[in-house]
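J.: The structure's right below; bear with me while I get my questions together.
No value in this document is a laboratory result; all are computed from the given coordinates. Keep in mind that what you see is a predicted model, and the values were worked out from it rather than measured. All Cβ positions, even for glycine, are placed from backbone atoms using ideal geometry, and neighbour counts span all protein chains on display.
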Amino acid sequence: MIYKKKIKNVMSVLHICSLVVLFFCITSCTSSERRISLFLYTDTDPYIMLYTEEILANAGTDLRVERYFARNSQTIQNEQIERTINRKTDLMIVNPVDRLGMYPVIERLRQEKIPVIFINREPLARDLDRWNQIWYVGARADQSGQLQASLVATLFGPATRLGPLDRNGDGKIQTVLLKGEQGHQDAEIRTEQVTKSLASAGYDIQLLTTEVANWNEEQAFQKMEGVISRWLPQIELVISNNDAMALGAIKALRAAGKFVDDSGDGKIGCTDASWIPIVGIDGIRDAQVMIDRGYLAGTVYNDYRSQARALMRLARAVLGFSSENITDSKYVWIDYTTIRPE
Ligand code: GAL
Ligand code: CA
């Protein structure tokens, strides 16, 4: 009898155990958590790092986002994508190294039926058109160039009557342009639009030189050292395709004796004779600090917070977590806005 009871007890304990196991299996094995693989062109770009932070912050608990940094090599990125295909992933988010080289990536993901959202570096429209499970979330480069031109216009005053920042009073603005990576839509279009917009508003921009510094602060610093040794007394404006390069320019110009408190009011600003207006794009934290301290004349916010939010809403819709209609086309565009000193 006792023996039988013992067996019965053991059986019911086993029964409870299996129920517990079953319960865990139902909650974890059929858990709604989805895997997203996020491919970023590098981990040394401050703007991309802020954007990445924001994407993770918007993922919530039901989306698992795994990051892969490609060290600025498309070959590395392709390998990372290939390896991820072999493990299970529900969606890919790709910030290409080479936006023009996305055709093979798209073909591969189409074969595997893995949807993909591109960000920040816009693939060719004809590549995006190859499949209906591809999207692009970004900002319109021409808008950033136009807004940057409006910052310059405010600084210099009316085109026909330039204010005191036309240091030599010749009615022209002697300008240095710092350009991002060649072939990047933002570098090409921002450069073209900022100069075009100023010209069509009647400003006479005398371009001293255009220097390519690949979005990078250190490269901009070095390029500016060369520019300074050749043109320093003439420079009246520095237009930079992004904030990181603008910060490099500030550093180089400070080292060359610019940005000192000539007026003796305890502050750095446009009333100092050695002050040179520099405008950037992005609105990264360090740029905001330099605006507050009087060194950076303004920037154009490349709204990574809204881009990350829109991206993750689109991701949820693609994964079937929501029935929200995010876009009727393949594109989601987020507006730029200007950031001026208070
Ligand atoms: C731009 C941004 C740059 C750089 C680049 C990378 O949109 O303004 O600072 O991050 O993207 O692709
Ligand atoms: Ca001038």
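J.: Is at least one residue of the range 209-222 surrounded by fewer than 21 Cβ atoms within 10 Å (Cβ to Cβ), of a type outside the set (Asp, Glu) and within 16 Å of ligand 2 (Cβ to nearest atom)?
T.: yes
J.: Oh, and also: Taking the range 171-225 as the region of interest, how many residues are closer than 22 Å to Asp98 by Cα and polar (S, T, N, Q)?
T.: 6
J.: I need the strands (runs of 3 or more DSSP E) fully contained in the range 274-342, keeping only those with at least 1 residues that are closer than 25 Å to Leu237 by Cα, within 20 Å of the chain's Cα centre (by Cα) and of a type outside the set (S, T, N, Q).
T.: 299-301, 337-339
J.: Applying the selection to the range 248-296, what residues are in contact with a Pro (Cβ under 8 Å, 6 or more places away or on another chain) and within 16 Å of ligand 2 (Cβ to nearest atom)?
T.: Cys270
J.: Considering only the range 205-219, I want to know if a residue exists there that is in a loop (DSSP other than H, G, I, E, B), touching an Asp or Glu at 6+ places or on another chain (Cβ under 9 Å), of a type in the set (Phe, Trp, Tyr) and closer than 26 Å to Asp335 by Cα.
T.: Yes.
J.: Taking the condition of being within 16 Å of ligand 1 (Cβ to nearest atom) and either touching a strand residue (DSSP E or B) at 6+ places or on another chain (Cβ under 7 Å) or not in a helix (DSSP H, G or I) (or both), how many residues in the range 171-188 meet it?
T.: Of the residues in the range 171-188, 9 are within 16 Å of ligand 1 (Cβ to nearest atom) and either touching a strand residue (DSSP E or B) at 6+ places or on another chain (Cβ under 7 Å) or not in a helix (DSSP H, G or I) (or both).
J.: Identify, from the list Thr195, Thr160, Thr210, Thr154, the residue that is out of contact with any Gly (no Cβ under 9 Å at 6 or more places or on another chain) and polar (S, T, N, Q).
T.: Just a single option satisfies the conditions, and that option is Thr210.
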